[in-house]
Structure formats: structure tokens, C-alpha cells
Amino acid sequence: MDTVSIRDLKKEMKKSMDDSRYEHTLGVMYTSAALAMRYGYDIDRAQLAGLLHDCAKCMPNAKKLKTAEKNGLEISELERKNPFMLHAKVGELLARKKYDIDDEEVLGAIRWHTTGRPNMSLLEKIVYVADYIEPKREKAPNLKEVRQLAFINLDQALLKILEDTLGYLGDSEDVDTMTKATYDFYKRDQKDELPE
Ligand code: FE
Ligand code: FE
């Protein structure tokens with residue numbers, strides 16, 4: 001990915017988003033770059049994933065549903081009731097078809113940025129965490145702590161975010177089963193790492 005296409009895609013994003021979503025997008029792009037520096041990941045790929053992670057967010061909900069249906073994406077009952085939840089899946093599709101991205105790691109980071117998944121790739125973790133801690137974000141619990149933790153131990157930051165997300169959503173039906181599965185996976189993973 002050369003810098004020219006990042007520049008072009010920035011213009012595309014600006015066109016398709018409202019101002020606050022675009023600002024959030026730039027925040028996630030640069031925060032992903034910073035985390036890539038810290039954890040030794042390719043900076044351009046991290047920026048690209050951050051830039052495109054919400055590329056379907058400003059599409060009207062009805063159109064999200066229609067696009068998902070037309071392209072044979074699986075739609076859960078929860079997503080049918082809350083089509084905004086589809087923006088990650090539809091975002092992957094747009095990135096592939098409309099923006100010509102064929103980097104599967106970048107596509108995966110877009111696909112899993114809302115729920116995470118068990119056994120995430122480094123880039124998936126980077127974008128998931130960046131989405132939560134970027135400078136414009138202000139309404140999440142424990143932001144100060146998570147922001148510091150993100151640059152100390154990425155897995156611990158990830159787990160904390162999942163924990164807070166589940167805590168925030170509580171037992172409501174709006175908890176995506178994948179978020180819970182991701183939490184369980186990393187909870188177990190970190191227990192295994194504790195010294196005897
Ligand atoms: Fe999103
Ligand atoms: Fe986002």
C-alpha cells in the first residue's frame with residue numbers, strides 16, 4: 001500500500017462520512033499506526049485498516065441490510081434488529097469490492113473490529129484497541145487506564161475493553177455472542193500465562 005492510495009482513500013472516507021465519524025476515523029488510523037510502532041507491525045497496513053474500519057458506518061441502515069442480503073452475508077437476528085451492527089461485515093465487503101483491498105489481514109481487522117474474535121491476529125487487536133482508545137473517544141469506562149495499558153500489554157488492554165464492554169451491556173440481549181466468546185478466550189489465555 002503506497003501513500004498515494006492512503007491519501008485517495010482518506011478523500012473517499014471524508015466524502016462518505018459525517019465530520020465526527022471522519023475525525024474518529026483519523027484518530028483510529030493514527031492510533032493504529034502508533035500501536036503498530038509499539039508492537040512491530042507494518043505501519044502502512046495498520047493505517048489502512050484504521051482508515052477503513054468504519055467505511056460502512058455512515059451507510060443508511062436499510063442499505064446495510066440490503067447490501068448484506070444481496071451479497072449473501074450471514075445476518076443474525078440481533079443484526080437484523082440492529083442493522084448498525086452490520087457495519088463491520090459490510091465494511092469488509094466494501095473494502096474488498098469498492099476500495100480494492102485484497103490484504104486479508106486488513107480485511108480481517110475491519111471484519112472483527114466491533115466484536116473481536118477468539119485468537120485474533122495482531123492487526124485485529126491493534127484496530128480493535130485503537131477504536132476504543134483513539135483521542136476523540138470520551139464516553140468509555142476506564143479510558144485513561146486502558147490507554148496506558150494499550151502501550152504496555154496489548155492483550156491485557158484487549159481483555160479490559162472486552163470486560164468493560166460486556167459490563168456495560170450487562171445481560172441485555174444486545175450482547176453479541178462473539179464478544180462473549182472473545183472475552184472467554186482471552187480470559188482463559190491470560191490465566192494460562194500467570195506464573196504458578
Ligand atoms: Fe465501528
Ligand atoms: Fe470505529
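Structure values in brief
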read-out: Within region 54-96, tally of residues that are part of a helix (DSSP H, G or I) and either of a type in the set (Val, Ile, Thr) or touching a Leu at 6+ places or on another chain (Cβ under 9 Å) (or both); value: 18
read-out: Yes/no for Ile110 being in contact with a His (Cβ under 7 Å, 6 or more places away or on another chain), of a type in the set (A, V, I, L, M, F, W, C) and under 28 Å from Arg188 (Cβ atoms); value: yes
read-out: From the options Lys139, Lys81, Lys63, residue that is free of Cβ contacts under 8 Å to residues at least 24 places away in the same chain, open to solvent by 70 Å² or more (accessible area, probe 1.4 Å) and within 15 Å of ligand 1 (Cβ to nearest atom); value: Lys139
read-out: Any hit, region 169-179, residues being hydrophobic (A, V, I, L, M, F, W, C) and closer than 23 Å to Tyr39 by Cα; value: no
read-out: Among the candidates Met37, Met85, Met17, residue that is within 16 Å of ligand 2 (Cβ to nearest atom) and at pLDDT 95 or above; value: Met17
read-out: Test: residue in region 177-184 that is within 16 Å of ligand 1 (Cβ to nearest atom) and not in a helix (DSSP H, G or I); value: no
read-out: Some residue of region 148-165 being under 30 Å from Ala62 (Cβ atoms), surrounded by fewer than 22 Cβ atoms within 10 Å (Cβ to Cβ) and free of Cβ contacts under 8 Å to residues at least 60 places away in the same chain; value: yes
read-out: Unmet requirement for Val90, which otherwise passes all of (1) farther than 24 Å from Thr177 by Cα; (2) among the β-branched types (Val, Ile, Thr); (3) crowded, with 20+ Cβ neighbours inside 10 Å; value: (1)
read-out: Total residues in region 41-100, condition within 14 Å of the chain's Cα centre (by Cα) and among the aliphatic types (A, V, I, L, M); value: 11
read-out: Any hit, region 115-126, residues being open to solvent by 40 Å² or more (accessible area, probe 1.4 Å), under 26 Å from Ile6 (Cα atoms), out of contact with any strand residue (DSSP E or B) (no Cβ under 8 Å at 6 or more places or on another chain) and within 14 Å of ligand 1 (Cβ to nearest atom); value: no
read-out: Filter result for Asp44 (more than 14 Å from ligand 1 (Cβ to nearest atom) and surrounded by 15 or more Cβ atoms within 10 Å (Cβ to Cβ)); value: yes
read-out: Test: residue in region 125-133 that is of a type in the set (Asp, Glu) and in contact (Cβ under 8 Å) with a residue 40 or more places away in the chain; value: yes
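Residue-wise test of (1) at positive phi; (2) in contact with a helix residue (DSSP H, G or I) (Cβ under 7 Å, 6 or more places away or on another chain); (3) more than 15 Å from ligand 2 (Cβ to nearest atom); (4) hydroxyl-bearing (Ser, Thr, Tyr).
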| site | (1), (2), (3), (4) |
| --- | --- |
| Leu78 | no, yes, yes, no |
| Lys81 | no, no, yes, no |
| Lys89 | no, yes, no, no |
| Ala95 | no, yes, no, no |
| Ala109 | no, yes, no, no |
| Glu124 | no, yes, no, no |
| Tyr128 | no, yes, no, yes |
| Lys144 | no, no, yes, no |
| Leu158 | no, yes, yes, no |
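The values are calculated or read from the model by the stated rules, or taken from the named source; none is laboratory data. Bear in mind the structure is a predicted one, so any value in this text is a computation, not a measurement. Quick reminder, even Gly has a Cβ in these numbers, built from the backbone with ideal geometry, and neighbours come from all protein chains shown. Areas reflect the complete protein model, heavy atoms only, side chains present, ligands, DNA and RNA absent. Shrake-Rupley method; radii C 1.70, N 1.55, O 1.52, S 1.80 Å.
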